[in-house]
Structures are given as C-alpha cells and as structure tokens.
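Novice: There's a structure below that I have some questions on.
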Ligand code: ZN
C-alpha cells in the first residue's frame, strides 16, 4: 500500500475522509484532511489502475467491476469534498481543494484514456460474453466506450497532451468562476441605512438583511431601524425587487445583481471567454465541429437542430404572449399613477408584476408564506410520496453526522418497513458560504457488488440542498410558494436516486441517464403543488393552523399561467444563449460572449437587457456546472414531465385508485429503471407512446402553433 509523503500511518487511519464505510463523518472532516486523504487515495488508485491494466480479463468481473470499485472510492472521498465546497465553503477548504484538484483530473484522464482498458471493454461488448450481459450492462459498456472516446482515448502524442492541458485548465477555471460568484455575492452586497429605503419590503426580508448586517460590522442592526445588508443572492434580491417602493433602491439592487462578478475585484469576464475558447478547442481535437456537438453526443436530443427546433417552437408560442403581458403591466402601472408609467424599466417589472398579481388574484407571495412552514410542507410531501410510491419517510436526525446544525437526516422505507434509502436535507441560505440555487446530489449509490456483505444491497443516500429563508425570531422557516416547488423539484431528483431498483451502481439512480432526461422526475413532482389534496396536506397557517383556503388555492391555480409567456421566454433566452455560445468558434465572428448574449436577446426578450448586463458572469450552470450546451435540458425534460403528469390528469387527479395505480407505474418505470434503459424507452414504458410538447403548452396556457 502506498503512503503519502510526510504522513504517519496513524494520521491515515484517523483521517475521516478516508473512512470507507458508513456515512461521511461530516462532524470531523476539516479542510486540513483534504490534501493527505486525497494524495493517499490517489496513490492507491494509481497503483490499482496499473495492476488492472496488466491483468485485464475478458469478463465483467475482471474489467468493469474493478473500475466500478475504484470510481466508488474516489467518489466517496472527493464527492464529500465537493459537497462541502458547495455547503461549507471557506478559504482553507478552497486552498485544499485547489491544491489537489489537478491530481484528481490527472487520474481521471489517465483512467479515461487508458488504451488497455478501452480495448478490453470493446472486446467485451463485441465478444461472446455479450450474450450473458443484461441490457443494463450493455448500456453501461456503451456509455463507457463513448465516454472514453470523448475523454480523448483516441488521441496521440501532442494532441493528447494538449487535450489534457485543456482539461486541467478548465477544471481550475470552473472552480475560480464559482468562487468569484460566491465572493461577489458577499462583497457586492448593497447596504441600506435609511428606513425609507426599505418602504414596502416584507418583515422577513428586513429581518434577514438586519441579521446579515449584524453578522458583519453592525452588531446593533434591527429589522425596524436597520441598517440592512442585501446580499446579492436571490433569497434577498427577489423580495426586494418585488416589494421595495422606492424605485431608485430597486434600480441600485437590480444593477448590482445583474452586474455581479462582472467587474472589479471578482470579475469573471475573461474567465468566460477563456472557458469558451478552450471548450471549442477540446471539441475540435476530438473531431467535433463545435462544443455543442460534443455536448449533445451524450444526450437524448439527437442533434443541435432538434434542440433549436424545440426552442424555436416554444419561442414562437410564448413571444406574443410575453409582449402582451408586458403591455398589460405597463398599462397597470400607468393607471396606478406611478412616475414610471409608460417607461417601465427592468427593475420595475418584478415590482409591478407583484402588484398586479395582488390585485388580480388577491394574494401576495408574501402572505402565502404564512401557510407554508417547512415542517408542515415536509409532512405533506412525505405523505404524497407514500400515496404515490408506497414509501415511508421518517426523521432520523442524529443518526448521521452533519455539516451544519440546520441540516436534517431522514430514512426511507417501503410499505412493509424494509429500508430503501436515506437523505440529508440542508434547507436554508447561508450567503457567502453556501452556493445559491438548489440541487440534489448523490452521497452513496445503490449497488449490489459494493455492498459490505454478499447477498446484500448497499442502499442509496442523497443530499437535498435548498436555499430558502432561515427561520427568523420564533417562527419556523416560512416558504415562498416558489421554494415549495423547488423542494418538490429536488425531492423528485432524490426519488429517482433513492427508489432505483438497478443493482449495478454504474446505472442506478440518476447515473447513466442522459442529462436532458434527468429533469423528468424533478419537474414532474412540481406539478403536485397544484393538486388540491397535496396543497391541503402541505399547508397550515403558522398562527391559525388552517390549510390554504380553497378560494386562495383556486387563485393560485389560476395564477399558474400568470406571466407564463414571460417565464417561458426567459428560459428560452437562457437556453438559446447557452447554445449560441457553444455552437461556433468563439471570436471568429468578432463577437464576444456578451455580444452573442445581446444578439440572442433581440429574439428572445421583450425588454432588452441593459448593455452592461453581466448575468453570464454568474451563470454557474453553464460555466461551473454540468449544463454547458445543455441548459435546454430543462425545457426538453419539461416536455417529458408535463406529458407524464398528463397521464394522471387524464385518469382523474381526484380519483385515488387511479392516482395510486399510475404512481406505482411511474415508480416502476421512471424511478426504478434509472440509467439502465434509454430514456425514450423508459418514457414509453410509462406513457405507452412517445412524448409530445402539447401537454407543456397546455399547462402553460400557451397554444401550440405547429
Ligand atoms: Zn433539477
């Protein structure tokens, strides 16, 4: 066994990151453990890889199985580090992460580009052994060969060297990008000191912003008197833009938000250009015309044209609607006698949209929050999972070490009490230390081969991470209806990870699922927030304990299509910008990324962004996440999700037997099969036919034009 330099055998045993069984010891893992753990692990893995290359056989057990085991050890350790980078980020952890990241990339490249392994895999899929493989195994092999090819296994000498240098630089650039967004969120915070500037804003925002001020340099800050520190994350920015009556305050915050990480000390502009140009070069080395083609090689969408044509169909269906919505809003503002009438600016839209919503539907997002305390929402969500998928979810706090005191832990079992899975829930925003947005990630994957004992199955464990407002004063965390849908969304991903029945870890849960199909269960789950029985189960007024009144629920449903054209168009704008950025060689046209953004905006926005808009500089999905030339996936999968939910609508949502029957079928197909079959097949096995965008357009109140 190899030992890292300068490390005593004892420190290795004690290093909590190297623990090989059970759940990660988040209560003991510290940044100082990262470098020794990763060095020692990588040295081991490197040795194992060399040994494997020398002793490959023509069976699954002597090729894929050892690779699976090695990948699992790496995922276990590096996965925990990556998770902490997202939820407990600080300087020490960043330094440690960046110190070892190049070595991780080197190892991944070495394995991905191994010719002996590639040849052995090819022999396996072309040889006589193939007969014995399950369809899941055949799909795993096919993916491994494709990934090896896209990882440069076919490259020689200088090309390979260049490819690897690019991969290293890209990994570093993604980390830099993400760190700068975190820093800019904190450093760019807007301070408000005059109570008049906070006029109209909800109590919850004032409390949150006063808390942020207290945590900084103003220990005496109060919700009523200030000062207030508005972090540049959505949890603070959205309620401010929706409610602050002073137009100049909204303008100030809006400008800071869209300019985030776009200038000054934390500036991502050059990083973006560099990333785009390196991606293009990498794609060309592999023989693709563009990075978009490389990205689509591993997706459900067959090619760039089919993506463009779906986006165009949705654009045409939503553009006119969005124009109309803007006119209505301008008219409404004009009638209210506001100064900005007739000249609605970007920082006025959310404000007036919220006023119009209040008038039209007689509720405000803020009032609704009182009906959605987190504990009640969880109770209702778990009840729904039981109704649909026959699973039981129980709190198990204290049974797993956590990375922050607010994190919860739950166990999932089937109707007979047999354990199936577990998950962590980290619900609240921690600006500056926790990445914005919400996500599900895997902590442990389901596997038979990697179980501790023969005849057992290792059960999956998920991370669910959200960014809703924390509890303030004596109250529990009150959720915006948006937060509720986000929680349902991430829970849907979690279900696919946790309820998988595939025992091969390389295709269990969300693994080996094409990226543009992976948002199916998540977006499917969001639909339940609009179903009467569910809304009753997830709502209870924080003071009266009454569920959401039926008339408010009806308004909420009617409001679902409120500004649906604008919402749809906004997603099309993001998806098309992403696609355009990756479709051609950067700079050959003389356009930089922002010029491309501007060009796309001409067709996909009804109110052009500010010339100094730098939203790309914080667009982590495509520059630091996995969505490059893949942001369209949300829309692609939304078509599948809406169509799948359509099956429930057709059968009657108020018919419990039908709902249960379809729920089971959804569980047995979409949730169970994971990456073991092609997504089109999985969809058909649930729906009985190929997907159609009709349901999505109907659900959004938009009419198909095709
Ligand atoms: Zn998602």
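The values are calculated or read from the model by the stated rules, or taken from the named source; none is laboratory data. Only a predicted model underlies this, so the values are computations on that prediction, with no experimental measurement involved. A quick note on method: Cβ atoms are made from the backbone with ideal geometry, for glycine too, and the neighbour counts reach across all protein chains shown.
Novice: Closer than 23 Å to residue 383 by Cα, within 16 Å of the ligand (Cβ to nearest atom), within 15 Å of the chain's Cα centre (by Cα) and in contact (Cβ under 8 Å) with a residue 24 or more places away in the chain: does that describe residue 465? Before you say what the answer is, go through the steps one by one.
Specialist: Numbers: closer than 23 Å to residue 383 by Cα: yes; within 16 Å of the ligand (Cβ to nearest atom): yes; within 15 Å of the chain's Cα centre (by Cα): yes; in contact (Cβ under 8 Å) with a residue 24 or more places away in the chain: yes.
Spelling it out, residue 465 is indeed closer than 23 Å to residue 383 by Cα, within 16 Å of the ligand (Cβ to nearest atom), within 15 Å of the chain's Cα centre (by Cα) and in contact (Cβ under 8 Å) with a residue 24 or more places away in the chain.
Novice: Do you know which residues across segment 31-56 are touching a residue at least 24 places away in the same chain (Cβ under 8 Å) and assigned to a loop (DSSP other than H, G, I, E, B)?
Specialist: 56
Novice: Right, here's the next one. Provide a single number: the residues in segment 289-310 that are surrounded by fewer than 21 Cβ atoms within 10 Å (Cβ to Cβ) and either part of a helix (DSSP H, G or I) or without any contact (Cβ under 8 Å) to a residue 40 or more places away in the chain (or both).
Specialist: Within segment 289-310, residues that are surrounded by fewer than 21 Cβ atoms within 10 Å (Cβ to Cβ) and either part of a helix (DSSP H, G or I) or without any contact (Cβ under 8 Å) to a residue 40 or more places away in the chain (or both) number 11.
Novice: Could I ask something else about it? Could you please let me know if residue 164 is without any contact (Cβ under 8 Å) to a residue 60 or more places away in the chain, under 23 Å from residue 276 (Cβ atoms) and not assigned by TED's automatic domain parsing to the domain that holds residue 70?
Specialist: yes
Novice: Quick one: is residue 251 outside any loop (DSSP other than H, G, I, E, B), under 22 Å from residue 351 (Cα atoms), modelled with pLDDT of 95 or more and in contact with a helix residue (DSSP H, G or I) (Cβ under 7 Å, 6 or more places away or on another chain)?
Specialist: Yes: the conditions hold for residue 251.
Novice: Based on this model, can you work out whether residue 196 counts as in contact with a strand residue (DSSP E or B) (Cβ under 6 Å, 6 or more places away or on another chain), in a helix (DSSP H, G or I) and farther than 23 Å from residue 85 by Cβ?
Specialist: No, not satisfied.
Novice: Given the conditions (1) closer than 19 Å to residue 282 by Cα; (2) in the same structural domain as residue 96 (by TED's automatic domain parsing); (3) without any contact (Cβ under 8 Å) to a residue 12 or more places away in the chain, which single one is not true for residue 149?
Specialist: (3)
For every residue, the table says whether it meets (1) crowded, with 18+ Cβ neighbours inside 10 Å; (2) without any contact (Cβ under 8 Å) to a residue 60 or more places away in the chain; (3) within 21 Å of residue 301 (Cβ to Cβ).
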position: 654; (1), (2), (3): no, no, no
position: 663; (1), (2), (3): yes, no, no
position: 675; (1), (2), (3): yes, no, yes
position: 688; (1), (2), (3): no, yes, no
position: 693; (1), (2), (3): yes, no, yes
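Novice: If only one of 480, 448, 411 is surrounded by fewer than 23 Cβ atoms within 10 Å (Cβ to Cβ), away from the ligand (no atom under 16 Å from the Cβ), under 19 Å from residue 238 (Cβ atoms) and in contact (Cβ under 8 Å) with a residue 12 or more places away in the chain, which one is it?
Specialist: 480
Novice: With (1) surrounded by fewer than 19 Cβ atoms within 10 Å (Cβ to Cβ); (2) modelled with pLDDT under 95; (3) farther than 29 Å from residue 157 by Cα as the list, and residue 31 as the residue in question, which single condition is left unmet?
Specialist: With (1) surrounded by fewer than 19 Cβ atoms within 10 Å (Cβ to Cβ); (2) modelled with pLDDT under 95; (3) farther than 29 Å from residue 157 by Cα applied to residue 31, the lone miss is (2).
Novice: Going residue by residue through segment 505-524, is there one that turns out to be touching a strand residue (DSSP E or B) at 6+ places or on another chain (Cβ under 9 Å) and under 14 Å from residue 644 (Cβ atoms)?
Specialist: Scanning segment 505-524 turns up at least one residue that is touching a strand residue (DSSP E or B) at 6+ places or on another chain (Cβ under 9 Å) and under 14 Å from residue 644 (Cβ atoms).
Novice: Can you tell me which of 565, 598 is without any contact (Cβ under 8 Å) to a residue 60 or more places away in the chain, away from the ligand (no atom under 16 Å from the Cβ) and over 30 Å from residue 678 (Cα atoms)?
Specialist: From the options 565, 598, the qualifying one is 598.
Novice: Would you please name the residue that is nearest to residue 365 (Cα to Cα), looking only at residues in segment 483-493 that are touching a strand residue (DSSP E or B) at 6+ places or on another chain (Cβ under 8 Å) and more than 11 Å from the ligand (Cβ to nearest atom)?
Specialist: 483
Novice: Out of (1) at pLDDT 95 or above; (2) more than 16 Å from the ligand (Cβ to nearest atom); (3) buried (at least 21 other Cβ atoms within 10 Å of the Cβ), what's the single condition that is false for residue 541?
Specialist: The failed condition is (3).
Novice: Between residues in segment 510-539 that are under 17 Å from residue 498 (Cβ atoms) and residues that are in a loop (DSSP other than H, G, I, E, B) and away from the ligand (no atom under 15 Å from the Cβ), which pairs lie under 7 Å by C-beta distance while being six or more apart or on different chains?
Specialist: Filtered contacts from segment 510-539: 511/445.
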